[in-house]
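Take a look at the structure set out below.
Quick note: the coordinates plus some simple rules give every number you see, no bench work behind them. Predicted, not measured: the structure shown is a model, and the values here were computed from it.
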Amino acid sequence: MAAGSTYTPIATNTLGTATSSVTFSSISGSYTDLVLIGNPIVSASLDYKWYVNGDNSSGLYSQTRLNGNGSTAISGRTPNANFLYLDAVSPASGSMQNFIMNFQNYANTSVYKTALIRYNDAGADVAARVGLWRNTNAITSITISTDSSTFAVGSTFTLYGILSA
């Protein structure tokens, strides 16, 4: 996805060493929306998750998900979670995935925060998700982390700010 004049790159993190989490912090509230694009390379079959503002223990997240692999489709809902999973169902070890997360009204302090997520892994499946953080605080940090293992060297994560039109 080429960044147009509306997309402002805020930060990019290309891993030089394997790590189990990536955090974008001190996010300015000067944009309308945020877009986080990730190309993680997993070093083992693992699941990875996201949460905002370090809030991963409150049970304030919920999610609706759709997954498909070309022959089977599944859907589900996760209410009252401490974080939300970002990936498809058990991505293959060593495979490179792609995800795009859109955070609407992330700095508005009168609404809960919504994320629309598209995940792709040609070796496993594709997923569409909508996540909700039931908190009116502005999002100032976003963390992507693994349940176990690490994101491999070469994984890339870029955060963009979307300017209002």
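Between N69 and S148, what length in nm is gained on full extension when 0.36 nm per residue of separation is reduced by their alpha carbon distance?
26.1 nm
Can you list the residues, at least 5 places off or on another chain, whose amide H is less than 5 Å from the amide H of N56, using H built in the peptide plane?
none
Hey, can you grab everything whose amide H is under 5 Å from the amide H of V153? Only 5+ residues off in sequence or another chain; H modelled, so Pro and N-termini drop out.
Under 5 Å from the amide H of V153: A18.
List the residues whose amide H sits under 5 Å from the amide H of Y51, counting only those 5 or more places along or on another chain, with H placed 1.01 Å from N in the peptide plane.
For Y51, the qualifying residues are T143.
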